[in-house]
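The values are calculated or read from the model by the stated rules, or taken from the named source; none is laboratory data. The shown structure was predicted, so the numbers you read here are calculated from the model rather than taken from an experiment. Here the Cβ positions follow ideal geometry from the backbone for every residue, glycine too, while neighbour counts run over all protein chains shown. Note: accessible area is taken over every heavy atom of the protein model, side chains too, but ligands, DNA and RNA are not part of it. Shrake-Rupley method; radii C 1.70, N 1.55, O 1.52, S 1.80 Å.
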Amino acid sequence: MILDKLRIIANKVPIIYKITLPVVLILVVPVILFISYINKAGQKQIQATAHSSAVITQSLFEQSLLNYTEKASYMASTFVYSKSVAKSFAFADDIEGRAFLRKKMRSRIDSLKKQTQLGEKIRIHFHKPNAHSFWRAWLPEGNGAGGDDISKFRKTVTQISQTHQPVKGVEIGRAGLVIRGIMPIWKDSLYLGSVEAFFSFKQMFNQMHFPKNSNIFIFAPSKTATICSKFKNNIEIGNFTLITQNKKGKIEDINEAIIKAGFTKKYQTKVGSKYITTFPIRNFQDSINAVAIYIYDASKEEDIINAQSSKLKLIAIIV
């Protein structure tokens, strides 16, 4: 019964349609399949490129972090056996000691800049044996140059004051979340205190090469970010504070769940045309105290694929 009805309908179809329809199907179907293939292949290529970019960036990030840690340690070590440093610690009045050290060390710090060919700001900080700040070399007297107790939040300084052994790694302090190298200061066999050199992540980023369509952000728990007053007006997402970023960029694709995931393991996801990869940043005690979020923007690549698909669709329609 149904077959008979179909035959009747088929007999009523004009002969021109009976001829052209199979031809159209033969031409259009391959085009549709080809468009689908192009889209899938293009998306796979974009995904592979984004993944490769994230892997390379993480490797470069970790290697640069190691290099800057060693660089900071080397710079701090140049002050360890200085007679002027030892003499400054012997002053009964810390203000007089800082004034003496400032006078003696300024030329040495300038020389160190030239010697290391860093071309960037050098931060040198001297500490007393009781984990108090002695002299922040980049600050003028009366503006936080020294004398304050930092033992409650500077675990690197309390550690070296107890062990008298070098310490290096990432730690947050009043100067921010920075890369530190801390060395003990000696006069003969007497421990006088310690000295550190440190760099910001922004300084490290300036020496790294990122794809133009990418950005990297660093977040830390807001409760630890309060140690540094300059973070108080930074963007907050949930219980996390934006510490720094490679370049100015929108962060609407980052949410608290993504940041949290980065504190446990490497995490990857895709939001719109953005490929997001997180990886934890470990401190000097090898525990996670911040997370880096790398975003690869594939919008231009996807636009190209969409444009190609549109052209092929137009060809199919014309045919």
How do the pairs read when you match residues in segment 122-133 that are touching a residue at least 24 places away in the same chain (Cβ under 8 Å) and open to solvent by 10 Å² or more (accessible area, probe 1.4 Å) with residues anywhere that are polar (S, T, N, Q) and part of a strand (DSSP E or B), using Cβ under 8 Å and keeping only pairs 6 or more apart or on different chains?
-> none
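In the list Ser64, Ser53, Ser59, which residue meets the criterion of being at pLDDT 90 or above, touching a strand residue (DSSP E or B) at 6+ places or on another chain (Cβ under 6 Å), closer than 30 Å to Ser299 by Cα and part of a helix (DSSP H, G or I)?
Ser53
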Out of all the residues in segment 276-301, which are open to solvent by 30 Å² or more (accessible area, probe 1.4 Å) and over 30 Å from Phe153 (Cα atoms)?
-> Asp297, Ser299, Lys300, Glu301
Quick one: is Ala99 part of a helix (DSSP H, G or I), in contact with a Lys or Arg (Cβ under 9 Å, 6 or more places away or on another chain) and surrounded by 13 or more Cβ atoms within 10 Å (Cβ to Cβ)?
-> no
With respect to the numbered conditions (1) out of contact with any helix residue (DSSP H, G or I) (no Cβ under 6 Å at 6 or more places or on another chain); (2) of a type outside the set (A, V, I, L, M, F, W, C); (3) open to solvent by less than 10 Å² (accessible area, probe 1.4 Å), which one is the sole condition not fulfilled by Ser73?
-> (3)
Starting from segment 50-66, keep only residues that are touching a residue at least 60 places away in the same chain (Cβ under 8 Å), then list their pairs with residues that are part of a helix (DSSP H, G or I) whose Cβ atoms are within a distance under 8 Å, requiring at least 6 positions of separation or different chains.
-> Ser64/Met204; Leu65/Met204
Can you tell me which residues in segment 124-145 are modelled with pLDDT of 90 or more and either touching an Asp or Glu at 6+ places or on another chain (Cβ under 7 Å) or not small (Gly, Ala, Ser) (or both)?
-> Ile124, His125, Phe126, His127, Lys128, Pro129, Asn130, His132, Ser133, Phe134, Trp135, Arg136
Condition met for Phe205 (at pLDDT 90 or above, in contact with a Lys or Arg (Cβ under 9 Å, 6 or more places away or on another chain) and either closer than 17 Å to Gly173 by Cα or hydroxyl-bearing (Ser, Thr, Tyr) (or both)) | no
Looking at (1) open to solvent by less than 40 Å² (accessible area, probe 1.4 Å); (2) more than 28 Å from Val291 (Cβ to Cβ), which is the one condition that is false for Val170?
-> (2)
Only one of (1) under 18 Å from the mean Cα position of the chain (by Cα); (2) at pLDDT 90 or above does not apply to Ala92, and that is (1)
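Results for (1) farther than 28 Å from Gln47 by Cβ; (2) touching a residue at least 60 places away in the same chain (Cβ under 8 Å); (3) open to solvent by 30 Å² or more (accessible area, probe 1.4 Å), shown as yes or no for each residue.
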site	(1), (2), (3)
Ser229	yes, no, yes
Asn233	yes, no, yes
Thr241	yes, no, no
Asp253	no, no, no
Tyr267	no, no, yes
Those strands (runs of 3 or more DSSP E) lying entirely in segment 194-289 with at least 2 residues over 14 Å from the mean Cα position of the chain (by Cα) and within 22 Å of Glu301 (Cβ to Cβ) | 267-271, 274-282
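Do we find that Gly146 is over 19 Å from Val167 (Cβ atoms), assigned to a helix (DSSP H, G or I) and in contact with a Ser or Thr (Cβ under 6 Å, 6 or more places away or on another chain) in this structure?
Taking the combined requirement at face value, the residue does not satisfy it.
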Specify the residue that is farthest from Gly146 (Cα to Cα); the eligible residues are those in segment 173-196 that are open to solvent by less than 10 Å² (accessible area, probe 1.4 Å) and among the small types (Gly, Ala, Ser).
-> Gly181
State all residues of segment 221-243 that are under 18 Å from Phe279 (Cα atoms) and touching a Leu at 6+ places or on another chain (Cβ under 6 Å); if no residue qualifies, say none.
-> Ile243
